[in-house]
Amino acid sequence: MKIKVTIKDQTVEKNLQKIESMLLYDKLSLANISRIQRISHKNFYIMALRATRGKNDSENYIKCLKILGNDIIACDNDRLKAQLIRLLNDYINFAPYNGDGKFEFYKKQIKKNILL
């Protein structure tokens, strides 16, 4: 069962580990965390991607990668942007969905838009 909540900035700072475990066990969606907090704490992406990878569902995996890609575009800090690009690149190249039609299409699009 997923919890439908919006995570506020002060809540994130107080409960980083709890939020990470909620993401990992798929009790919370990455989209419910504000963009500023996601960019500041890249572990949120890692936990969400691990959770979707564990369910063997390429569609949700792609949704998380799209959120990460949109956050990269919106990020103003060059250091954080570089870290997020490296993270996206790693999760695309070492994804368990290589060969899946939807994932391969997304992979081509993201490489054109962000990684090049």
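Observations
- The listed peptides 82-88, 61-67, ordered by packing as a protection proxy, come out as 61-67, 82-88 (highest mean of other Cβ atoms within 10 Å first).
- Helix-only mean residue ellipticity at 222 nm for the chain, each DSSP H run of n ≥ 4 adding -39500 (n - 2.57), per residue, nearest 500: -20000 deg cm²/dmol
- Across Lys18/Lys112; Lys27/Lys112; Lys66/Lys112, pairs whose alpha-carbon gap is larger than 24 Å: Lys18/Lys112; Lys27/Lys112
- Net charge of the neighbourhood of Arg79, taken over other residues with C-beta under 14 Å away and scored Lys/Arg +1, Asp/Glu -1, is +1.
- Taking the 1.4 Å solvent-accessible surface of the chain as the whole, the part contributed by carbon and sulfur is 50%.
- In percent, rounded to a whole number, the relative contact order of the chain is 21, using alpha-carbon pairs under 8 Å and six or more apart.
- Computed 3J(HN,Hα) for the range 94-110, one whole-Hz value per residue from the Karplus formula 6.51 cos²θ - 1.76 cosθ + 1.60 where θ = phi - 60°, is 10, 6, x, 9, 4, x, 5, x, 4, 5, 5, 5, 4, 4, 5, 5, 5, glycine and proline marked x.
- Rolling a 1.4 Å probe over the protein heavy atoms gives the chain an accessible area of 60 Å² per residue.
- Structure-derived Rg/Rh (Cα atoms, Kirkwood Rh): which label, when the choices are (i) 1.14; (ii) 0.96; (iii) 1.00: (ii)
- Among 36-45, 89-98, the order from most to least packed when residues are scored by Cβ within 10 Å on average: 36-45, 89-98
- Principal-axis analysis of the Cα atoms of the chain puts helix 78-93 at an angle of about 60° to the longest axis.
- On Cα atoms only, tilt of 43-54 relative to the major axis of the chain in degrees: 60
- Taking amide H as placed 1.01 Å from N in the peptide plane, the amide H of Ser34 sits under 5 Å from that of Ile7, each at least 5 places away or on another chain.
The values are calculated or read from the model by the stated rules, or taken from the named source; none is laboratory data. Since this is a predicted model, take the numbers as computed values, not measurements. Here the Cβ is made from the backbone with ideal geometry for all residues, glycine too, and neighbour counts use every protein chain on show. Just the protein is used for accessible areas: all its heavy atoms, side chains included, with ligands, DNA and RNA removed. Shrake-Rupley method; radii C 1.70, N 1.55, O 1.52, S 1.80 Å.
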